[in-house]
1. Hey, for a label at residue 95 modelled as a point 7 Å past Cα toward Cβ, could you say which residues of segment 132-166 have their backbone N under 19 Å away?
2. Extension gain residue 277-residue 308, at 0.36 nm per residue separation less the Cα-Cα distance, in nm?
3. Quote the FRET efficiency, to the nearest 0.05, computed for residue 27 versus residue 263 with a Förster distance R0 of 41 Å and r equal to the Cβ-Cβ distance.
4. So if R0 is 22 Å, what FRET efficiency would residue 235 and residue 292 give, r being the distance between their Cβ atoms, rounded to the nearest 0.05?
5. Return the distance in nm (one decimal) between the two label points of a simple spin-label model at residue 124 and residue 215, each offset 7 Å from Cα along Cα→Cβ.
6. Based on DSSP H runs of at least 4 residues, each adding -39500 (n - 2.57), what is the mean residue ellipticity at 222 nm of the chain after dividing by all its residues, to the nearest 500 deg cm²/dmol?
7. Efficiency by 1/(1 + (r/R0)^6): what FRET value for residue 112 and residue 3, r their Cβ-Cβ distance, R0 = 22 Å, to the nearest 0.05?
8. Pull out the extension gain between residue 174 and residue 49, defined as 0.36 nm times the separation in residues minus the alpha carbon to alpha carbon distance; nm, one decimal.
Amino acid sequence: MAEFAFATCLPGFEPAVKREVARRRPDLRFAYSRPGLVTFRASGPVAPDDVSGSVFARVWGHSIGAAGDLATAKAMLAPFAPTRVHVFSRDPDVLVPPEPWESLGAAGPAELGEVVADVIVAPDEPAWIGVHRHDATRPPHAGGSIPIAEEPTAPSRAYYKCEEAIAWAHLPVAAGEVALEIGAAPGGAVLALAKRGLDVWACDTGDLAPDVNALSNVHHLATKVGALRWEQLPARIDWLLVDVNLAPQVALHEVARLIPRLKSTLRGAIITLKMNDWAFIDELPALAERIRGFGLTDLRMRHLPSNRREVCCVALR
Ligand SMILES: C[S@@+](CC[C@H](N)C(=O)[O-])C[C@H]1O[C@@H](n2cnc3c(N)ncnc32)[C@H](O)[C@@H]1O
């Protein structure tokens, strides 16, 4: 019998998942899609630890099929013996109560190596059932969510993008370190790092939110990245953030000029690659190579919960 893989994604991003899978996984053929869920028919078996075929996949795993009731779901899952159950909404904006599915097993964050039952729910539909094995590249929470405490003073969504990147990649950012952000206004990510005790240099022609600008460990460089002079920068920079609304090839070209100045102290980078054109998805391998060329060779990409038409790339030395 044919086996299937599934991906969940932000509703509306199904074409992005399909496009990337078509390039990366010739063994898979698109099978079925609903907003927030895509399945693929495989030419061979699909293990629960099948490696994700798309950076846009919030959860990726072995797809089992639809279950209208608990007994059916239990029977479908039995061969996989999951030790964790993640019940989550197909559309994160349409919350569906977890009953009765939560009685299938223990909820909560997955441990490394655990087989997780994914129960994907939507109003007035059978649940979609899949399984995946948790590993260090995946967020441990249901649906690939990354819980971040609400910050009422955050001036932008980028506060959450930054915190999600740190949590997902376990970035060892520490108080006393120095960060440079290119494309920093109005200062969401700057606030996140400043609150963590880093000294933050914020490059943007736009203004920072007054409360962020007033922080003693925040320094605004009111210039375009292309006009930023090496002498304007502090001697040591540990972390580089890039969040400019420029095409990713252009953003990386601008950043490349700064790398020789940063290289000796840089520990890593959080680079937001804007995907304003879905054709940029085909460029992801070339963009990754460009970033590796900066000496940041330990690289991973993911569409984080707070990302929109963009991909987060975390790259470490
Ligand atoms: C998505 S916003 C950044 C949000 C910000 N990271 C935050 O945490 O709030 C993109 C920013 O890129 C800036 N930008 C665009 N082109 C730029 C350039 N050539 N040099 C510096 N900043 C640029 C824009 O002014 C804009 O503020």
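1. 141-152
2. Values: separation 31, 0.36 × 31 = 11.16 nm, distance 1.25 nm.
My answer for the length gained is 9.9 nm.
3. Working: r = 39 Å, r/R0 = 0.95.
FRET efficiency, residue 27 to residue 263: 0.60.
4. Numbers: r = 25 Å, r/R0 = 1.15.
With a Förster radius of 22 Å, E is 0.30.
5. With each label placed 7 Å out from Cα toward Cβ, I get 4.6 nm.
6. Details: 8 runs with 65 residues, N = 317.
Helices in the chain give a 222 nm mean residue ellipticity of -5500 deg cm²/dmol.
7. Values: r = 24 Å, r/R0 = 1.10.
Calculated value: 0.35.
8. Values: separation 125, 0.36 × 125 = 45.00 nm, distance 3.25 nm.
Once the chain is fully extended between residue 174 and residue 49, it gains 41.8 nm.
Rule-based calculations on the coordinates, nothing more; no lab input. This is a predicted model, so every value here is computed, not measured. Cβ sites come from the backbone with ideal geometry, for glycine too, and all protein chains shown count toward neighbours.
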